[in-house]
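J.: Would you mind keeping the following structure in view while I ask a few things?
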Amino acid sequence: MLNPLIDEIFELLINKKVWMVHTLASELKQRGFLDTLAAEPERDLFKRNFLIMNALYQLQQQLMPKQQLLVKSLHIELVNNPSYNQLHPNDPLRDYYLNWQNFETSTAEVKALLDSFWQQFSRPTYREIPLNNEQQKQLLARWQLTPPVTLKALQKRWRQLAVQHHPDKQGGDNEVFKQLKIEYEQLKASCSS
């Protein structure tokens, strides 16, 4: 099914370089293209976001191979990049949003999705799992840091590694980035104690 927001979103992408899902939603609502879609606030928000993401992913496929549409919730950008002319074949998020059956997700399912999302923040952090001396020494060597390490030096090295390995960067790797984030939290805990 063709999403009615595709043309409107394309026009917005042409006129402004970088968008976020919530800024697109706000602009589309202001222009009268996004009305209330459900009585329950959570389900209404879900449906509006679903329509936007579905339109973005459909547009992404339509623009290939001449243009690339980067689609992340906090970074949506239309770029001309002939060296990057194909979509990643395995993208569960794209598959989810291109399946119109998911648009009719029930209120209970939406609440369960939100609960699942927020529960991630109540789990123990890696700062609560201390490193022993040998683990800390090995990790500092891998991060190319020499003890004693100040918090400022650790933060600087984290930023360098995060930029290098961030999944949104060319050559970035999501799994490496996640592991670095865990290690950073562990090192931060050992620096501050």
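J.: Quick one: of LYS156/LYS181; LYS17/LYS66; LYS17/LYS156; LYS17/LYS178; LYS47/LYS72, which pairs are farther than 25 Å apart, Cα to Cα? All intermediate terms of the calculation are to be shown ahead of the outcome.
T.: Details: LYS156/LYS181 13 Å; LYS17/LYS66 17 Å; LYS17/LYS156 29 Å; LYS17/LYS178 28 Å; LYS47/LYS72 17 Å.
Exceeds cut-off: LYS17/LYS156; LYS17/LYS178.
J.: If you don't mind, there's one more thing I want to ask. Under a point spin-label approximation (7 Å from Cα along Cα-to-Cβ), what is the THR150-ASN80 distance to one decimal in nm?
T.: About 4.6 nm separates the two model spin labels.
J.: Further question on the same structure: To the nearest 10 degrees, how steeply does helix 21-30 sit against the main Cα axis of the chain, on a 0 to 90 scale?
T.: On a 0 to 90 degree scale, this one is about 30.
J.: What length, rounded to one decimal in nm, is gained on full extension from ASP168 through to MET64, with 0.36 nm per residue of separation minus their alpha-carbon distance? Kindly include the intermediate steps, with their values, before the conclusion.
T.: Working: separation 104, 0.36 × 104 = 37.44 nm, distance 1.84 nm.
So the extension gain works out to 35.6 nm.
J.: As an exercise, take the mean of 1/r over every pair of distinct alpha carbons in the chain, invert it, and state the Kirkwood radius in angstroms.
T.: Details: mean 1/r = 0.0509 Å⁻¹.
For the chain, inverting the mean 1/r across all distinct Cα pairs yields 19.6 Å.
J.: May I ask for the longest run of the chain untouched by trypsin sites (Lys or Arg not before Pro) that are loop-located per DSSP and have at most 10 neighbouring C-beta atoms (other than their own) within 10 Å? If you can, show how the numbers build up before the last one.
T.: Numbers: sites that count: LYS17, LYS66.
Longest stretch, sites excluded: 67-193.
Every number in this text was worked out from the coordinates using simple rules, so none of it is lab data. Keep in mind that this is a model prediction, so the values were computed, not measured. As a convention, Cβ positions derive from the backbone with ideal geometry for all residues, glycine included, and neighbour counts pool all protein chains shown.
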